[in-house]
Amino acid sequence: MPWYEHIKNILKYERTYSYKDLKNELKSIRPNLSEGSYQWAISSLVRDGDIIRLGYNEYSRSDRPPKKEYYPLYSGLASELKNNIHDRYPYIVFTVFETVLMNDFLNHLIAQNTIFIQVEKESSIFVFRYLQDSGYRNILYKPTENEIDLYWSKDAIVVTNLISEAPLRSDDPHTIMLEKMLVDMIADKLIRSTYSKAELPDVFQQVQDRYYLDRIRLLRYARRRNRENEIKHYLEGSTVERVAT
């Protein structure tokens, strides 16, 4: 058992803890570690469903069966792209999404994958040129829907701009967050064209049944993409945990 899991013997059910509270409890188990070590331990506890994030700076250990934090299982090509871009441009902000990730929630599965590399606006052209020079094929740069229809091929790589204020993981900013995925499924025309919109109610229901969903983060990004009302519509049709907004 990892050392930090011993915190489960300390935390009390139904009590709310701040990040500082959790860090102090971890320090009582293993003092003199770095700040990053405690942050990583807390992120791991949330990811594994041992503690639940209620909202900004609020955590708890619930007596209900815990829901895990969503973490995507990338294809080999997507993982390779993520690692190669990070190695080449370690300070560029980008995130990776691929359409087959939606198969975790869709009834009609996506057979032909498309990988989206979403990069901060000032740097997206450099990433596109780097991938071209590295020998990757089937790369499109900020294509329109018509261009996708004309030039798309299997395992196409699409480089687009990352929307500002998009939610990113503090411990792994290149791995897409569930809240971002849900909003992009509705707001991004290219992603939206790859599945049937009729599946969205079931998608939101499945997400909430299986994973922890940060409603504050979700709605903040939805507002940024002018999709707040749509997201609320789908949330109201699912068993979303109501947290303060």
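The values are calculated or read from the model by the stated rules, or taken from the named source; none is laboratory data. Quick caveat: nothing in here was measured; it's all calculated off a predicted structure. FYI the Cβ positions are ideal-geometry reconstructions off the backbone, even for glycines, and counts take in every protein chain you see. The accessibility values were calculated without ligands, DNA or RNA, using every heavy atom of the protein model including side chains. Shrake-Rupley method; radii C 1.70, N 1.55, O 1.52, S 1.80 Å.
Inspection of the stretch 62-73 finds a residue satisfying the criterion of being part of a loop (DSSP other than H, G, I, E, B), touching a Lys or Arg at 6+ places or on another chain (Cβ under 7 Å) and surrounded by fewer than 16 Cβ atoms within 10 Å (Cβ to Cβ).
Residue-wise test of (1) in contact with a Ser or Thr (Cβ under 6 Å, 6 or more places away or on another chain); (2) of a type in the set (Phe, Trp, Tyr); (3) open to solvent by 50 Å² or more (accessible area, probe 1.4 Å); (4) at pLDDT 95 or above.
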{"position": "Phe97", "(1), (2), (3), (4)": "no, yes, no, yes"}
{"position": "Ile117", "(1), (2), (3), (4)": "no, no, no, yes"}
{"position": "Ser123", "(1), (2), (3), (4)": "no, no, no, yes"}
{"position": "Asn146", "(1), (2), (3), (4)": "no, no, yes, no"}
{"position": "Trp152", "(1), (2), (3), (4)": "no, yes, yes, no"}
{"position": "Glu165", "(1), (2), (3), (4)": "no, no, yes, no"}
{"position": "Tyr195", "(1), (2), (3), (4)": "no, yes, no, no"}
{"position": "Val207", "(1), (2), (3), (4)": "no, no, no, no"}
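Of the residues Leu106, Leu45, which is within 22 Å of the chain's Cα centre (by Cα) and under 30 Å from Thr160 (Cα atoms)? Being within 22 Å of the chain's Cα centre (by Cα) and under 30 Å from Thr160 (Cα atoms) holds for just one of Leu106, Leu45, which is Leu106. Scanning the stretch 8-56 for residues that are open to solvent by less than 70 Å² (accessible area, probe 1.4 Å), assigned to a helix (DSSP H, G or I) and touching a strand residue (DSSP E or B) at 6+ places or on another chain (Cβ under 9 Å) yields Lys8, Tyr19, Asp21, Leu22, Glu25, Ile42, Leu45, Val46.
The set of residues from the stretch 76-95 being in contact with a Leu (Cβ under 9 Å, 6 or more places away or on another chain) and open to solvent by 30 Å² or more (accessible area, probe 1.4 Å) comprises Asn84, Val93.
Do we have Asp188 as among the acidic types (Asp, Glu) and open to solvent by 10 Å² or more (accessible area, probe 1.4 Å) here? Answer is yes for this residue. Report yes if Ile7 is at pLDDT 90 or above and farther than 17 Å from Tyr211 by Cβ, otherwise no. No; evaluated as a whole, the condition is false for this residue.
Of the residues making up the stretch 99-112, those that are farther than 18 Å from Tyr211 by Cβ and either at pLDDT below 95 or open to solvent by 10 Å² or more (accessible area, probe 1.4 Å) (or both) are His108, Leu109, Ile110, Ala111, Gln112. Within the stretch 186-225, the residues that satisfy the criterion of being of a type in the set (Asp, Glu) and either within 21 Å of Ile115 (Cα to Cα) or assigned to a helix (DSSP H, G or I) (or both) are Asp188, Glu199, Asp202, Asp209.
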